[in-house]
Structures are given as C-alpha cells and as structure tokens.
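Inspection log for the structure reproduced underneath, given as structure tokens.
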Amino acid sequence: PLYRDPHAPIDARVDDLISRMTLQEKIAQLSCIWQDKGEVEDAGGDFDAAKAARLFPNGIGQVARPSDRVPLEANDPLQNVFRDPAQTVAFVNAVQHFSVDDTRLGIPTLFHGEGLHGYMARDATSFPQAIALGSTWDPALITRVYTVVAREARARGVQLLLTPVINLGRDPRWGRIEETFGEDPYVASQMGVAEVRGLQGNTLPLGPDRVF
C-alpha cells in the first residue's frame, strides 16, 4: 500500500492511510492507555499480546508513561512502581511488535512520558525544577539540559514528552508554580523555545535521540 512506502510523499501516504481506516480504527488512534495498562499485561507485568488483541483489535494509538507499572500504589517499593530501563524497552518493543505486526493496518503506537525536569523514570537524570531552571537566565544551558532529557527518554522508546509548561507563575495559590519558568512572558518564551530546541533538535524527521 502507498502509505507503507517510505519514499512516497507524506501527504499522499496520509491520505491513502486515512482512506483505508474504519471509524473504529480512527477512534483507536485517538485513544491512550495509562492507568489501565494492567489490562494488557500478564501476571509478571509484561505486555500480553493476546489480551491486547482481544481488548484493542483496532490498534493502540498511544501509551502513557511506559515506565509505570499499574496500579500505582503509594506504599509500593520503587521497583514495583516503575520499570527499569531494560524492562521499559522490552515493554515498548512488545507493544510496537503487536501494533505493527498484529493489527490490520500496522500503525505504530506513540509513547509519551513526563519530562518537566528530566525524564520521569527509574535511573534517569533529575534536573532542577522548571522554576529553578528559569532562574538561570541561560537559554543555552536549558537547551543542553533538555538534549540530555530527550536522549534518555528516546533510548527507552518514548517519542513525546509532556513539557515545557509555558504558563506564567503569577498566582501563588496555583499549586504548580514550580512547573513554570516564572512570571515574566519574555523569560518564559525564551526558556520554552530553548527547551523545545533541546528536545526536538532543529531538523525533521526527528533525530534518533530526539523527542517531540
């Protein structure tokens, strides 16, 4: 099919793919698995393709935080809550094999994670919170930081991070001030652009160590 031809124009590939999709397959691409990941895991927490085929026969559009195990219980030991890097890669690869090989159209799954001040996962680097990074007044440093964040996330199969937060931190009653770069629009915009450059790089398609 035209949509599988990597040498064909992207617009033509998209049109061809959409023309082949049923309504159910389109809805599946708008769906995301997060807290209910246990529905597609076996007793050991590994991806179960048979369960996925039964519950998601039209594909899995997106998986949130593949490094999480579910349910997330506050009193669980850390190793039970989060997969380590090797376990995360194995989980991501198993989901992708199911999506590409075992669904009718073979559309890959998108994986997203948290990356506000580092990829939020076991054995990943945790940098200062955004409010502290904003206080550096150093966009070049921010780009360097998020180049590391992107590399650590992409190495585990994550292609999209939920960051940056560009909201302005002007009301201390709001409980997420620390997720902002501060109260100044200029500083927030410059830091936001610098972060996106670190995450995405400057070219498309994304490089192998970059994320959206």
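Would you indicate which of [x] 90, 39, 29; [y] 50, 48, 31; [z] 75, 37, 36 is the value of Cα extents along the principal axes in Å derived from the coordinates of this structure?
Among [x] 90, 39, 29; [y] 50, 48, 31; [z] 75, 37, 36, the one calculated here is [y].
Would you mind checking region 173-202 for residues with the amide N under 16 Å from a putative spin-label position 7 Å along Cα→C-beta of Leu141?
Within reach of a label on Leu141, which here means backbone N under 16 Å from a point 7 Å along Cα→Cβ, region 173-202 contributes 181-182, 187-188, 190-192, 194-195.
For the modelled label position 7 Å from the Cα of Ala155 along Cα-to-Cβ, which residues of region 83-116 have backbone nitrogen atoms closer than 14 Å?
The answer is 84-89.
Out of residues 5 or more away from Phe212 or on other chains, whose amide H comes under 5 Å of its own, with H placed 1.01 Å from N in the peptide plane?
Residues meeting the criterion, in which the H sits 1.01 Å from N, are Leu160, Leu161.
Give me the accessible area per residue for the chain, probe 1.4 Å, as a whole number in Å².
The answer is 55 Å² per residue.
Considering only protein heavy atoms and a 1.4 Å probe, what is the carbon-and-sulfur percentage of the accessible area of the chain?
The nonpolar share, carbon plus sulfur, comes to 56 percent.
Given +1 on the Cβ of Lys and Arg, -1 on the Cβ of Asp and Glu, and no further charges, what dipole in debye does the chain carry about its Cα centre, rounded to the nearest 20?
My answer is approximately 300 debye.
For a Förster distance of 41 Å, can you work out the FRET efficiency between the beta-carbons of Val193 and Arg104, rounded to the nearest 0.05?
So, using R0 = 41 Å, E works out to roughly 0.55.
The values are calculated or read from the model by the stated rules, or taken from the named source; none is laboratory data. Bear in mind that the values here come from a model prediction, so they are computed numbers and not experimental data. Every residue, glycine as well, gets a Cβ built from its backbone with ideal geometry; the counts of neighbours run over all protein chains shown. Areas reflect the complete protein model, heavy atoms only, side chains present, ligands, DNA and RNA absent. Shrake-Rupley method; radii C 1.70, N 1.55, O 1.52, S 1.80 Å.
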